[in-house]
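Chemist: I have a structure I would like to understand better, so I am pasting it below and will then ask my questions one at a time.
The values are calculated or read from the model by the stated rules, or taken from the named source; none is laboratory data. Given the structure is predicted, the values throughout are model-derived calculations rather than measurements. Note that each Cβ is placed from the backbone with ideal geometry, even for glycine, and that neighbours are counted across all protein chains shown.
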Amino acid sequence: MSDFAYFVFSIVCFIVAFMFLKKIAGCLIKTVIFIVIAVVLAAIYFYMNEGTCPVTL
């Protein structure tokens, strides 16, 4: 394989790896945000049932 072909192959591999990691990271960030929101809503729900909620809605 010539130097130019190796260079093109390396660039293509880098771009594919970057796109793959971007999709995985985006999904993980959305999952973490969803879990945080769910925990906050559950905490507010349980505090409101006990009558000691620090957040007034």
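Condition check ((1) outside any helix (DSSP H, G or I); (2) of a type outside the set (V, I, T); (3) more than 15 Å from the chain's Cα centre (by Cα); (4) at pLDDT 80 or above) across all residues:
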site: F9; (1), (2), (3), (4): no, yes, yes, yes
site: M19; (1), (2), (3), (4): no, yes, no, yes
site: F34; (1), (2), (3), (4): no, yes, no, yes
site: F46; (1), (2), (3), (4): no, yes, yes, no
site: C53; (1), (2), (3), (4): yes, yes, yes, no
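Chemist: Looking at the range 21-41, I want the residues that are of a type in the set (F, W, Y) and have a partner that is surrounded by 10 or more Cβ atoms within 10 Å (Cβ to Cβ) with Cβ atoms under 9 Å, at least 6 apart or on another chain. Which pairs are those?
Modeler: none
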